1. Need pairs with beta-carbon distance below 7 Å; first residue of a type in the set (Val, Ile, Thr) and within the stretch 1-24, second assigned to a helix (DSSP H, G or I); sequence gap 6+ or separate chains.
2. May I ask you to say which residue of ASN22, ASN30 is polar (S, T, N, Q) and within 10 Å of the chain's Cα centre (by Cα)?
3. Which of the residues belonging to the stretch 9-30 are closer than 17 Å to TRP49 by Cα and of a type outside the set (Gly, Ala, Ser)?
4. Among (1) touching a residue at least 24 places away in the same chain (Cβ under 8 Å); (2) out of contact with any helix residue (DSSP H, G or I) (no Cβ under 8 Å at 6 or more places or on another chain); (3) exposed (fewer than 15 other Cβ atoms within 10 Å of the Cβ), where does ASN60 come up short?
5. Would you check if LEU27 is among the hydrophobic types (A, V, I, L, M, F, W, C), at pLDDT 95 or above and on the phi < 0 side of the Ramachandran plot?
6. Just give me the residues in the stretch 8-36 being part of a loop (DSSP other than H, G, I, E, B) and over 21 Å from VAL66 (Cα atoms), in sequence order.
7. Could you give me the residue pairs with C-beta distances under 7 Å whose first residue belongs to the stretch 37-54 and is within 14 Å of GLU67 (Cα to Cα), whose second residue is in a helix (DSSP H, G or I) and β-branched (Val, Ile, Thr) wherever it lies, and which are 6+ apart or on separate chains?
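The values are calculated or read from the model by the stated rules, or taken from the named source; none is laboratory data. Keep in mind that what you see is a predicted model, and the values were worked out from it rather than measured. So basically every Cβ, Gly included, is an ideal-geometry build from the backbone, and we count neighbours across all protein chains shown.
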Amino acid sequence: MDIGVVYNFTGNPGDGDLVALNSIETLVENGYSVYLYTSMPKGIWRAIWYFNKDSEIFRNVAIKRVEILGIKHPFSI
């Protein structure tokens, strides 16, 4: 089964990033094909490094960049 995860990883890892990583990790470990939709694809790799996750688990996650308009937040691009 394919699962789409929509999460806006940014350049500053936080609690939401950890929740998203744990969710993706659980889905992958249970055999799901995961598609991540985010505005900043490099942000997931920063979060993986920051939270000391096993990056090998995330290698098969299909990461799709999407444009997010109108979101103004000091921690986001």
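1. Correct list of pairs: ILE3/LEU27; VAL5/ALA20; VAL5/SER23; VAL5/ILE24; THR10/GLY43; ILE24/PHE58.
2. Values: ASN30 fails: within 10 Å of the chain's Cα centre (by Cα).
The match here is ASN22.
3. Correct list: PHE9, THR10, ASN12, PRO13, ASP15, ASP17, LEU18, VAL19, LEU21, ASN22, ILE24, GLU25.
4. (2)
5. Details: among the hydrophobic types (A, V, I, L, M, F, W, C): yes; at pLDDT 95 or above: yes; on the phi < 0 side of the Ramachandran plot: yes.
It is true that LEU27 is among the hydrophobic types (A, V, I, L, M, F, W, C), at pLDDT 95 or above and on the phi < 0 side of the Ramachandran plot.
6. Within the stretch 8-36, ASN30, GLY31, TYR32 meet the criteria.
7. Final answer for the pair search is THR38/ILE44.
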